[in-house]
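Encoded as structure tokens, the structure appears first; notes follow it.
The values are calculated or read from the model by the stated rules, or taken from the named source; none is laboratory data. None of these values were measured; they are calculated from a predicted model. Backbone-built Cβ (ideal geometry, glycine too); neighbour counts: all protein chains shown.
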Amino acid sequence: MTTEVQRNALGSFAELGFTVDHEGDETIRLVHEGVTVHRFSQLGATAETLQAECARHLVLKHGWGGALWQEAK
């Protein structure tokens, strides 16, 4: 379940299937569709760094073109 804090940190990427969970006391894990995308230090993770890594993952692994909505076919 995605919390309000996670939705705020992930922005629109939360609706694209990204989640964040804690991995120990000092590390958080960015996950997309059940796969770990990136690990962050809790001290270094910001909304901007999380969202940038979401965008990077979508471009590299899914060929994302940058739109946060589905294009009509």
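List of remarks:
- The stretch 34-55 residues that are outside any loop (DSSP other than H, G, I, E, B), paired with ones that are among the β-branched types (V, I, T) (beta carbon under 6 Å, 6 or more apart): R39/T27; F40/I28
- Against the conditions (1) at pLDDT 90 or above; (2) touching a strand residue (DSSP E or B) at 6+ places or on another chain (Cβ under 6 Å), A47 satisfies every one except (2).
- Taking every residue in the stretch 1-22 that is closer than 17 Å to L58 by Cβ and pairing it with any residue that is acidic (D, E), at least 6 positions away or on another chain, the pairs with Cβ-Cβ distances below 7 Å are G17/E33.
- Single residue of the stretch 56-73 satisfying the filter (assigned to a loop (DSSP other than H, G, I, E, B) and among the hydrophobic types (A, V, I, L, M, F, W, C)) that is farthest from T3 (Cα to Cα): A72
- One residue alone among D21, D25 is assigned to a loop (DSSP other than H, G, I, E, B) and acidic (D, E), and that residue is D25.
- Count of the stretch 1-18 residues, restricted to those that are assigned to a helix (DSSP H, G or I) and closer than 16 Å to T46 by Cα, is 11.
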